[in-house]
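**Student:** Starting off with a structure, shown below.
The values are calculated or read from the model by the stated rules, or taken from the named source; none is laboratory data. Not measured: the values here are computed from a predicted model. Note that each Cβ is placed from the backbone with ideal geometry, even for glycine, and that neighbours are counted across all protein chains shown.
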Amino acid sequence: MNRIGKLFLRGEARADLIGARTRAGVFSGVLGIACNLLLAGAKIALGAVSGMISVLADGINNFTDCGSNTVSLIGFRVSGKPADSEHPFGHRRAEPVAALIVAVLILAVAAELAVQSVQSIFSPQEGGFSLALVLVLAAAIAVKLFLFAFNLALARAFGSDALKATATDSLTDCAATAAVLACLFVSHYTGVALDGYAGVLVAAFIAFAGGSVLKETVSKLLGGAPDRETVRRIEDCVLGCDGVRGLHDLTVHSYGSDRVYATVHAEVDETLSLTAAHDLADEIEKRVLAQTGAHLTVHIDPLAYGDERTDRLHACAQRAAAAVDERFRVHDFRVVGGEEHAKLVFEVAIPFDCRLREEEVLSRIRAGIAAEEPDADVAAVIERQNVE
């Protein structure tokens, strides 16, 4: 955790990290509301007096930021609530919901600003250049740069989507105000009316930033794939436990950066006793929680190792799958039946971007196995997942 994050930490316990996160979010919201109210009042007043549509729109943008900060503040207050009977996983997803609302507000402001700017292009009005206007815009840029850096530091410290969205909003505001200030100088010294064009440029920049926040937030709310680093850490931890011969079907989902849940199938030797397998599952779950913070549930898959016939048929199934696509992976492999007639039971993991239908994949794999083992029956299940 960085220095700014530690300012909100009152203890070293993990529980206090949640409290620190909430305190940081509330402080950011209150600070943002205060700053944006001051900037909005000054810009709207000067924009109305000077007749500069871009300055007036920039002030309205700051005023809507107050609403965004309020939404973010409420989101942090809600997300800090403990788990209850209706929300057993806590309320952490209130943060991405808040970020989603902030993104929608950003896009709404961009649309309104674009409309006003286009109108200004076709009906330009002579604006009034003044030292007060320059000073207010320059001060606004400085304030927004500070808010951007402050919120970004908090977002990195606590892994907050809402704070990251707020930081992005502050940066777009800074760019918008800088563009308005630049065009103000150009228009004043050249006589070319750039007020409306500056507004359109700013609107486009704000819309791009809002769209980026919206895309990222919606992806997380819809259950986007976990980052590769989290998956790798869990995999390394599971495979590092004595007795684990392999793993598959690792699923990771979260209810916030500090609420990660996962399930995995751990492959072990079938000769392991039931008690030993249970103890191994407990050990894996405790180790993963301690090293990664993820709450893992382990499903034990007992498989035969060292049996020549099973190993031969397993290799045959894997070759048949790889012949269709080298990324295909065979797991949960078992042989049922006698020496003369065997049924191969297994699952095949295929990537999401595979364009073949599951029925076609299964047909090709059966044909590949039949070419080597004509007497073997195949009972396979195809499942799409992230495969590397």
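**Student:** If you go through segment 31-55, how many residues are of a type outside the set (D, E, K, R), under 19 Å from Ala179 (Cβ atoms), buried (at least 18 other Cβ atoms within 10 Å of the Cβ) and touching a residue at least 40 places away in the same chain (Cβ under 8 Å)? Spell out the reasoning first.
**Tutor:** Initial filter on segment 31-55 (of a type outside the set (D, E, K, R)): 31-42, 44-55.
After this cut, where a residue has to be under 19 Å from Ala179 (Cβ atoms) as well, the list is 36, 39-40, 42, 44, 46-47, 50-55.
Pick out the ones that are also buried (at least 18 other Cβ atoms within 10 Å of the Cβ) and you get 36, 39-40, 42, 44, 46-47, 50, 52-55.
Still in the list and also touching a residue at least 40 places away in the same chain (Cβ under 8 Å): 39, 42, 46, 50, 52-55.
Going through segment 31-55 one residue at a time, the tally reaches 8.
**Student:** Which count do you get for residues in segment 174-209 that are among the hydroxyl-bearing types (Ser, Thr, Tyr) and surrounded by 21 or more Cβ atoms within 10 Å (Cβ to Cβ)?
**Tutor:** Residues meeting the conditions: 2.
**Student:** A further question follows. Among what's in segment 280-319 and is polar (S, T, N, Q) and surrounded by 14 or more Cβ atoms within 10 Å (Cβ to Cβ), pick the residue that is nearest to Glu347 (Cα to Cα). Walk me through how you get there before you give the answer.
**Tutor:** So the first thing to find is which residues in segment 280-319 are polar (S, T, N, Q), and the list is 291-292, 297, 310, 318.
Still in the running and surrounded by 14 or more Cβ atoms within 10 Å (Cβ to Cβ): 292, 310, 318.
Details: Thr292: 28, Thr310: 15, Gln318: 11 Å.
Residue satisfying both the conditions and the ranking: Gln318.
**Student:** Is it the case that some residue within segment 356-373 is modelled with pLDDT under 90 and not assigned by TED's automatic domain parsing to the domain that holds Arg245? Spell out the reasoning first.
**Tutor:** Restricting attention to segment 356-373, the residues satisfying the condition of being modelled with pLDDT under 90 are 373.
Subsequent filtering for residues that are not assigned by TED's automatic domain parsing to the domain that holds Arg245 retains 373.
The answer is yes; a qualifying residue exists.
**Student:** Take His295 and decide whether it is in contact with a Lys or Arg (Cβ under 9 Å, 6 or more places away or on another chain), part of a strand (DSSP E or B) and assigned by TED's automatic domain parsing to the domain that holds Tyr261. Give the steps one after another, and end with the answer.
**Tutor:** Values: in contact with a Lys or Arg (Cβ under 9 Å, 6 or more places away or on another chain): yes; part of a strand (DSSP E or B): yes; assigned by TED's automatic domain parsing to the domain that holds Tyr261: yes.
When the stated conditions are applied, His295 passes them.
**Student:** I've got another one for you. Kindly list the number of the only condition in (1) within 21 Å of Lys164 (Cα to Cα); (2) at pLDDT 70 or above that fails for Val49.
**Tutor:** (1) is the only condition that Val49 fails.
**Student:** When the residues of segment 337-365 are filtered to those that are free of Cβ contacts under 8 Å to residues at least 24 places away in the same chain and closer than 26 Å to Leu247 by Cβ, which remaining residue is surrounded by the fewest Cβ atoms within 10 Å (Cβ to Cβ)?
**Tutor:** The selected residue is Asp353.
**Student:** Which condition number in (1) modelled with pLDDT under 75; (2) surrounded by 17 or more Cβ atoms within 10 Å (Cβ to Cβ); (3) under 16 Å from Ser160 (Cα atoms) is the one that Ala20 fails?
**Tutor:** Condition not satisfied by Ala20: (1).
**Student:** How many residues, within segment 251-308, are modelled with pLDDT of 85 or more and of a type in the set (Lys, Arg)?
**Tutor:** Count: 2.
**Student:** Given the criteria out of contact with any Pro (no Cβ under 8 Å at 6 or more places or on another chain) and surrounded by 24 or more Cβ atoms within 10 Å (Cβ to Cβ), does Ser85 qualify? Break it down into steps so the answer makes sense when it comes.
**Tutor:** Details: out of contact with any Pro (no Cβ under 8 Å at 6 or more places or on another chain): yes; surrounded by 24 or more Cβ atoms within 10 Å (Cβ to Cβ): no.
The answer is no for Ser85.
**Student:** Criterion first (at pLDDT below 85, of a type outside the set (S, T, N, Q) and assigned to a helix (DSSP H, G or I)) does Phe27 satisfy it?
**Tutor:** no
**Student:** Which pairs turn up if I take residues in segment 113-131 that are modelled with pLDDT of 80 or more and crowded, with 18+ Cβ neighbours inside 10 Å and look for partners that are assigned to a helix (DSSP H, G or I) and β-branched (Val, Ile, Thr) with beta carbon separation below 7 Å, at least 6 apart in sequence or on another chain?
**Tutor:** Ala114/Val200
**Student:** Got a number for residues in segment 213-236 being closer than 30 Å to Val109 by Cα and loosely packed, with under 15 Cβ neighbours inside 10 Å? Reasoning before the result, please.
**Tutor:** Restricting attention to segment 213-236, the residues satisfying the condition of being closer than 30 Å to Val109 by Cα are 213-224.
Still in the running and loosely packed, with under 15 Cβ neighbours inside 10 Å: 215, 218-219, 221-224.
Within segment 213-236, residues that are closer than 30 Å to Val109 by Cα and loosely packed, with under 15 Cβ neighbours inside 10 Å number 7.
**Student:** Being surrounded by 15 or more Cβ atoms within 10 Å (Cβ to Cβ) and farther than 15 Å from Val71 by Cβ is the filter; apply it to segment 92-111 and report the residue that is modelled with the lowest pLDDT.
**Tutor:** Once the filter is applied, the top-ranked residue is Arg92.
**Student:** Would you mind stating whether Gly199 is of a type in the set (Gly, Ala, Ser) and either more than 30 Å from Leu131 (Cα to Cα) or without any contact (Cβ under 8 Å) to a residue 60 or more places away in the chain (or both)? Quick ask: steps written out before the conclusion?
**Tutor:** On the way: of a type in the set (Gly, Ala, Ser): yes; either more than 30 Å from Leu131 (Cα to Cα) or without any contact (Cβ under 8 Å) to a residue 60 or more places away in the chain (or both): no.
No: the conditions fail for Gly199.
**Student:** Also, I was wondering about something else. Scan segment 165-183 and give yes if some residue there is assigned by TED's automatic domain parsing to the domain that holds Arg21 and in contact with a Cys (Cβ under 8 Å, 6 or more places away or on another chain), otherwise no.
**Tutor:** No, segment 165-183 contains no residue that is assigned by TED's automatic domain parsing to the domain that holds Arg21 and in contact with a Cys (Cβ under 8 Å, 6 or more places away or on another chain).
**Student:** Here's a follow-up. Quick one: in segment 256-279, which of the residues that are surrounded by 20 or more Cβ atoms within 10 Å (Cβ to Cβ) and within 30 Å of Val97 (Cα to Cα) is nearest to the chain's Cα centre (by Cα)?
**Tutor:** Among those residues, the one meeting the criterion is Gly256.
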